[in-house]
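Here is the structure we will look at.
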Amino acid sequence: MIDRERIKKRFESQEFRKFVGINLESIEEGEITVSLDWRKEITQNSGYIHGGMVTALADLACGMTAFSTVDEGQEVVTVELKINFLRPATSKKIYAKSKLLKRGRTVIVIEAEVFNHDDNKMIAKCITTFTPIVAK
């Protein structure tokens, strides 16, 4: 069973998330949704949300999903991330939905899809691999 409070606490404690403005939208068993609002500071030259920010959003969603699978006293770290950009982030808000694909003993594989909020068109697809570590 998923510990929503533990996940929320972990999400809220992330300084990078606070700095860039990523919001937690929903927590479900094996799935997390996070969002990011458009701001000029996170855009590229054409005014779209920068691909690095799209990647960060996907990575955070995946990381929170991976974190939801580990025991108390453990954390997860990204060991691999691959992302395909499908179209520009043209919306004033984007969101990423992550889903657990495989929980192994030493690796956790998660996928995320990132969408424009206005039209729900997929803008990126990401697959990540995490490994559990002992928490500091």
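Would you mind listing the strands (runs of 3 or more DSSP E) fully within the stretch 67-136 where at least 2 residues are surrounded by fewer than 16 Cβ atoms within 10 Å (Cβ to Cβ)?
74-85, 93-103, 122-134
Looking at PHE115, PHE85, which is the one that is without any contact (Cβ under 8 Å) to a residue 40 or more places away in the chain and under 25 Å from LYS8 (Cβ atoms)?
Answer to the check: PHE115.
All but one of (1) touching a strand residue (DSSP E or B) at 6+ places or on another chain (Cβ under 7 Å); (2) of a type outside the set (Asp, Glu); (3) at pLDDT 95 or above hold for ALA56, so report the exception by its number.
(1)
Do you know which residues across the stretch 27-44 are in a strand (DSSP E or B) and either touching a residue at least 12 places away in the same chain (Cβ under 8 Å) or under 19 Å from THR128 (Cβ atoms) (or both)? Spell out the reasoning first.
Taking the stretch 27-44 and keeping what is in a strand (DSSP E or B), we get 27-28, 31-37, 43.
ILE27, GLU28, GLU31, ILE32, THR33, VAL34, SER35, LEU36, ASP37, listed by residue number.
Exactly one of these conditions fails for VAL109: (1) without any contact (Cβ under 8 Å) to a residue 60 or more places away in the chain; (2) touching a helix residue (DSSP H, G or I) at 6+ places or on another chain (Cβ under 7 Å); (3) within 22 Å of MET1 (Cα to Cα); (4) hydrophobic (A, V, I, L, M, F, W, C). Give me its number.
It fails just one condition, (2).
Could you please let me know if GLY47 is exposed (fewer than 14 other Cβ atoms within 10 Å of the Cβ), at positive phi and free of Cβ contacts under 8 Å to residues at least 24 places away in the same chain?
Taking the combined requirement at face value, the residue satisfies it.
Which condition breaks for LEU60 when tested against (1) under 13 Å from the mean Cα position of the chain (by Cα); (2) under 19 Å from PHE16 (Cα atoms); (3) in a strand (DSSP E or B)?
(3)
Looking only at the stretch 15-44, which residues are under 23 Å from VAL109 (Cβ atoms) and surrounded by fewer than 14 Cβ atoms within 10 Å (Cβ to Cβ)?
Correct list: PHE16, GLU25, SER26, GLU28, GLU29.
If we keep just the residues of the stretch 100-136 that are aliphatic (A, V, I, L, M) and farther than 17 Å from ASP59 by Cβ, which is modelled with the highest pLDDT?
If we take residues in the stretch 100-136 being aliphatic (A, V, I, L, M) and farther than 17 Å from ASP59 by Cβ, then VAL134 is modelled with the highest pLDDT.
The values are calculated or read from the model by the stated rules, or taken from the named source; none is laboratory data. Just so we're clear, the structure is a prediction, and the values are computed from it rather than from any experiment. Glycine also receives a Cβ, built like all others from the backbone with ideal geometry; neighbour counts cover every protein chain displayed.
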